[in-house]
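The values are calculated or read from the model by the stated rules, or taken from the named source; none is laboratory data. Note that the structure is a prediction, hence the values are computed from the model and not measured. Every residue, glycine among them, receives a Cβ derived from its backbone with ideal geometry; neighbour counts consider all protein chains shown. For the accessible areas, the whole protein counts, side chains as well, though only heavy atoms, and no ligand, DNA or RNA atoms are used. Shrake-Rupley method; radii C 1.70, N 1.55, O 1.52, S 1.80 Å.
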Amino acid sequence: MKIAFFDAKSYDIPGFNNCVKDTDLEIKYFETRLNEDTVSLAAGFDAVCVFVNDVLNKKVVDELYKLGVKVIALRCAGFNNVDTRACYGKIHVFRVPAYSPYAVAEHAMALLLCVNRKIHKAYNRTREFNFNLTGLSGFDLHGKTVGVIGTGKIGRIFADICKGFGMEVLAYDKFPNPASGLHYVELPELFAKADVISLHCPLTDETRYIINDDSVEQMKKGVVIINTSRGGLIDTESLVNGLKVQIIGAAGLDVYEEEGDLFYEDNSGEIVQDDKLVRLIGMPNVIVTSHQAFLTNEALDNIAHTTVDNLQKFANDEPNPDNEVCYHYDRKDDCRK
């Protein structure tokens with residue numbers, strides 16, 4: 001089975017090479033992302049392996065199908081960048097549902113701690129031997145209220161971390177988990193009471209721009225917004241406006257709604273044309289990291305092992321319903337039918 005591996009990075013290759021060395025899988029690595037301009041590179045391959053910023057819209061999916069590609073193997077949990085309607089009945093789609101929920105949850109807390117205690121500003125100052133404390137005040141997390149939107153594995157782990165800091169946790173999920181022990185509330189209550197809001201839900205039509213002008217108006221003054229999920233959960237213009245009028249006190253972002261052409265690349269020698277991102281990065285109370293919450297050694301190993309296992313099971317005609325993404329999927333049935 002031949003796999004075209006798109007958006008390959010130096011940290012991806014060793015783990016995947018190690019996982020496929022005793023298999024019948026053959027990988028060719030492409031540094032370019034998969035999109036309408038590069039889809040022709042998939043000619044002659046049985047599968048494509050893609051990441052969060054590859055574009056698999058209907059045109060790309062239809063072209064992959066014409067080229068004989070049978071499988072899309074996602075190296076991530078989210079699949080909002082794949083047109084699953086176009087794939088249905090043509091190409092199988094697999095994902096990695098849980099590579100390391102601890103990695104993402106811990107990064108969310110790192111962003112919160114850093115932006116609250118101004119560690120990024122202190123780091124820059126002390127490098128110039130400036131030890132002035134003016135402007136570095138934060139607030140105790142202990143006793144504060146955190147609103148966790150999305151209570152899958154990552155959201156629940158983040159909630160547990162927050163409890164360890166002595167925070168009160170309010171949770172929202174379209175499908176509450178009664179076994180989680182979390183206190184679920186509706187969004188208006190969460191917005192009104194939370195000192196910190198952390199996003200851990202998938203990006204869907206329902207959750208797109210869950211942070212918008214209306215929701216920002218409902219928020220507690222000075223709230224801190226953390227997003228380690230998907231950029232499209234936040235309307236960037238609403239976020240910027242909320243920061244300007246100081247309803248939003250700070251933001252820690254590992255994702256950005258228009259990150260596709262920027263993240264994972266070195267743009268330091270260029271003039272970035274995205275004015276919204278430039279404004280955000282220029283704000284002293286905003287930290288932007290480069291969609292790296294997943295990036296731990298353990299997560300990279302799990303991504304490689306699970307992705308290769310998904311491909312091997314498909315090659316061996318083994319059902320894999322837990323990892324296969326199906327449009328109109330009925331868990332009682334085999335996805336592959």
**Message:** Can you tell me how many residues within region 266-288 are open to solvent by less than 80 Å² (accessible area, probe 1.4 Å) and among the charged types (D, E, K, R)?
**Reply:** 2
**Asked** Taking into account only those residues within region 81-125 that are of a type in the set (Lys, Arg) and not in a helix (DSSP H, G or I), which is surrounded by the most Cβ atoms within 10 Å (Cβ to Cβ)?
**Response** Arg95
**Request:** Could you tell me which residue of region 187-207 is surrounded by the fewest Cβ atoms within 10 Å (Cβ to Cβ), considering only residues that are of a type in the set (S, T, N, Q) and more than 14 Å from Lys144 (Cβ to Cβ)?
**Result:** Thr204
**Prompt:** Of all residues in region 40-56 being assigned to a loop (DSSP other than H, G, I, E, B) and within 23 Å of Pro202 (Cβ to Cβ), which is most open to solvent (accessible area, probe 1.4 Å)?
**Reply:** Val55
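Only one of Gly252, Gly260 is under 25 Å from Val93 (Cβ atoms), within 17 Å of the chain's Cα centre (by Cα) and touching a residue at least 12 places away in the same chain (Cβ under 8 Å); which?
Numbers: Gly252 fails: under 25 Å from Val93 (Cβ atoms).
Being under 25 Å from Val93 (Cβ atoms), within 17 Å of the chain's Cα centre (by Cα) and touching a residue at least 12 places away in the same chain (Cβ under 8 Å) holds for just one of Gly252, Gly260, which is Gly260.
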**Item:** Count - residues of region 289-307 that are touching a residue at least 24 places away in the same chain (Cβ under 8 Å), part of a helix (DSSP H, G or I) and open to solvent by 40 Å² or more (accessible area, probe 1.4 Å)
**Value:** 4
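Okay, residues lined up against (1) modelled with pLDDT of 95 or more; (2) touching a Cys at 6+ places or on another chain (Cβ under 9 Å); (3) in a helix (DSSP H, G or I):
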{"position": "Gly166", "(1), (2), (3)": "yes, no, no"}
{"position": "Ala171", "(1), (2), (3)": "yes, no, no"}
{"position": "Ala192", "(1), (2), (3)": "yes, no, yes"}
{"position": "Pro202", "(1), (2), (3)": "no, no, no"}
**Asked** Of all residues in region 17-39, how many are within 16 Å of His305 (Cβ to Cβ), open to solvent by 30 Å² or more (accessible area, probe 1.4 Å) and not in a loop (DSSP other than H, G, I, E, B)?
**Response** 3
**Request:** Give the residues of region 226-248 that are of a type outside the set (S, T, N, Q) and either in contact with a helix residue (DSSP H, G or I) (Cβ under 7 Å, 6 or more places away or on another chain) or open to solvent by 30 Å² or more (accessible area, probe 1.4 Å) (or both), sorted by residue number.
**Result:** Ile226, Arg230, Gly231, Asp235, Glu237, Val240, Gly242, Lys244, Val245, Ile247, Ile248
**Request:** Please work out which residue is nearest to the chain's Cα centre (by Cα), limiting yourself to region 33-75 and to residues that are over 21 Å from Glu258 (Cβ atoms) and of a type in the set (Val, Ile, Thr).
**Result:** Ile72
**Prompt:** If you check Phe263 against the conditions, is it in contact with a helix residue (DSSP H, G or I) (Cβ under 8 Å, 6 or more places away or on another chain), of a type outside the set (A, V, I, L, M), under 29 Å from Glu31 (Cβ atoms) and buried (at least 17 other Cβ atoms within 10 Å of the Cβ)?
**Reply:** no
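Kindly indicate whether any position in region 256-270 is part of a strand (DSSP E or B), modelled with pLDDT of 95 or more and not acidic (Asp, Glu).
No.
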**Asked** Can you name the number of the only condition in (1) closer than 30 Å to Arg156 by Cα; (2) among the basic types (Lys, Arg); (3) open to solvent by 20 Å² or more (accessible area, probe 1.4 Å) that Lys59 fails?
**Response** (1)
**Asked** What residue, of Gly147, Gly78, Gly143, is assigned to a loop (DSSP other than H, G, I, E, B), under 20 Å from the mean Cα position of the chain (by Cα) and over 21 Å from Met1 (Cβ atoms)?
**Response** Gly78
**Request:** Taking the residues in region 204-245 that are part of a helix (DSSP H, G or I) and of a type in the set (Ser, Thr, Tyr) as candidates, determine which candidate is nearest to Gly282 (Cα to Cα).
**Result:** Thr236
**Request:** Please work out which residue is nearest to Cys76 (Cα to Cα), limiting yourself to region 173-184 and to residues that are of a type outside the set (A, V, I, L, M) and not in a loop (DSSP other than H, G, I, E, B).
**Result:** Ser180
**Complete:** Expected single match for surrounded by 20 or more Cβ atoms within 10 Å (Cβ to Cβ), modelled with pLDDT of 95 or more and aliphatic (A, V, I, L, M) among Ile210, Ile161 is Ile210
**Given (1) assigned to a loop (DSSP other than H, G, I, E, B); (2) under 24 Å from the mean Cα position of the chain (by Cα), index of the condition Phe129 fails** = (2)
